[in-house]
1. For the stretch 332-353, does any single residue satisfy the condition of being in the same structural domain as G180 (by TED's automatic domain parsing) and under 21 Å from V253 (Cβ atoms)?
2. Residues in the stretch 215-233: is at least one β-branched (V, I, T), exposed (fewer than 15 other Cβ atoms within 10 Å of the Cβ) and either at pLDDT 75 or above or out of contact with any Phe, Trp or Tyr (no Cβ under 8 Å at 6 or more places or on another chain) (or both)?
3. Give the stretch 356-373 a look and list any residue that's surrounded by 15 or more Cβ atoms within 10 Å (Cβ to Cβ) and either among the β-branched types (V, I, T) or more than 15 Å from S304 (Cβ to Cβ) (or both), or say none.
4. Checking S328 against (1) at pLDDT below 95; (2) in a strand (DSSP E or B): exactly one of these is not met. Which one?
5. Would you please name the residue that is nearest to N169 (Cα to Cα), looking only at residues in the stretch 375-385 that are at pLDDT 90 or above and surrounded by 15 or more Cβ atoms within 10 Å (Cβ to Cβ)?
6. For the subset of the stretch 241-261 comprising residues that are touching a residue at least 60 places away in the same chain (Cβ under 8 Å) and touching a Ser or Thr at 6+ places or on another chain (Cβ under 6 Å), which member is farthest from V322 (Cα to Cα)?
7. Report the residue count in the stretch 155-210 for those that are under 23 Å from T236 (Cα atoms), of a type in the set (G, A, S) and either at pLDDT below 75 or outside the structural domain of D230 (by TED's automatic domain parsing) (or both).
8. Looking at this structure, is N24 modelled with pLDDT of 75 or more and closer than 30 Å to N241 by Cα?
Amino acid sequence: MKRIIFILISLGIVSFKLQGQSFNIDKDTLQRTGKTGIYTFSILKAKLPTQDAKNYILELNPDSKSSLNISDYILSYKPIDLTTLEDKEKISFYLELKEDSIQDRPRNLLLNLTLNDTVKKEKTNTDQLDLHILPFSKVNTQYAYLAYIGTNFDLVDGIKTNNLFFAANVYLDPMPKKTGWYLSLYGNRTFTATDSTQVSGREQRIERINADSVLVYRENATLVRTSVSDNLGAHTSFLWNLTNFNSNTKLMVSASTEFIWRRTQVNSLYKDGVPTDTVGIARPIRTSIIQPPNNFTTYSNEFSFNIGPGLFLSHQTKNMSVRLQVSSGYISEYIPRYKTLNSVLERNYHNQSDVYFLGRAWITEATSGITLQAEVTNTLIHPRPFFSVTLSKAINFKNLGTIFSPITTR
């Protein structure tokens, strides 16, 4: 019985020793560049019995399944015995990834952390570090700094061009372990879906009968409202690489904020009126007759700020750039509210919190610079959809100066 207990305890100690050592991470992604890169990793301290620690050596070896050529890297690590880990929380080692001038397929490097029992002459792998090595890829900067000028498509009264569209976009591509950045400053026009409301008993026409009375003709009609907003906006996103489909296409996680000033125009029209009745109303002769309008327009300023996470897809080649963005989160809107006080119309801004969702797409052809842009935004609690489609010409920032150059040289 004592012998069995001794064996179990011994196995537990050995198992504890074998499983105690590990890397600080399980896997990582590295990007090869045009120059040598040095990366730091660590072996964590293990809580092990110290009586036999000197008999165990920690080794670091590449796995035979690694596809990265051994000539492409240098591993700076010297085997150590376990006593070295007694006074340290971790042991660092360095991977020198050599420069790469050839675009190649992704490769991997598997590093095995091996515990070598110098007494029993046994080696056991205790952990493995999986390094995904992306090929060298020149950053495509031809789409990094672009200005746009063009027109909006009016989606309310059929598809027609209407009003000026302009924008300036800055896109800094994120690399592994680095944060990318996207900035968009724009002025566009957005449209909302037509809203129809049934109105009962509205005053359609007024006629004077005599000096002190009028006839009021009433009807049931449909009130149709159409909203158009001219917007000035500033949008910014921090980007982190999520996955690379290939060297030209990548999916990123984004954290976005946006501020928008909307100058909103609401066109209201009464239509499909059905007469209901006519009533006589006493009205002094000194009162002028004002006919109820069949259509009218109101204007207001609105402000909104939103913040939330999302996804950002980028596809860039020498011929075309495609950027797709979706996000959702919190939005705070400041919307005017009107009330009459002592015969004076007063305006106050009401703060309204909501949940927003947004989708945007930019498609640019490289040779001509022709860009098609579309967006849709809406809110969950108080739905207010906004749609926008624009056609514009993209101009690289470095070429903006040529616009003001003389036509001829002297």
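1. no
2. Yes, there is a match, as at least one residue in the stretch 215-233 is β-branched (V, I, T), exposed (fewer than 15 other Cβ atoms within 10 Å of the Cβ) and either at pLDDT 75 or above or out of contact with any Phe, Trp or Tyr (no Cβ under 8 Å at 6 or more places or on another chain) (or both).
3. Of everything in the stretch 356-373, those that are surrounded by 15 or more Cβ atoms within 10 Å (Cβ to Cβ) and either among the β-branched types (V, I, T) or more than 15 Å from S304 (Cβ to Cβ) (or both) turn out to be G359, R360, A361, W362, I363, T364, A366, G369, T371, L372, Q373.
4. Just one mismatch for S328, condition (1).
5. Residue satisfying both the conditions and the ranking: E375.
6. Among residues in the stretch 241-261 that are touching a residue at least 60 places away in the same chain (Cβ under 8 Å) and touching a Ser or Thr at 6+ places or on another chain (Cβ under 6 Å), the one farthest from V322 (Cα to Cα) is S256.
7. Of the residues in the stretch 155-210, 0 are under 23 Å from T236 (Cα atoms), of a type in the set (G, A, S) and either at pLDDT below 75 or outside the structural domain of D230 (by TED's automatic domain parsing) (or both).
8. Criteria met by N24.
The values are calculated or read from the model by the stated rules, or taken from the named source; none is laboratory data. Because the structure is predicted, anything quoted here is derived from the model rather than measured. Here the Cβ is made from the backbone with ideal geometry for all residues, glycine too, and neighbour counts use every protein chain on show.
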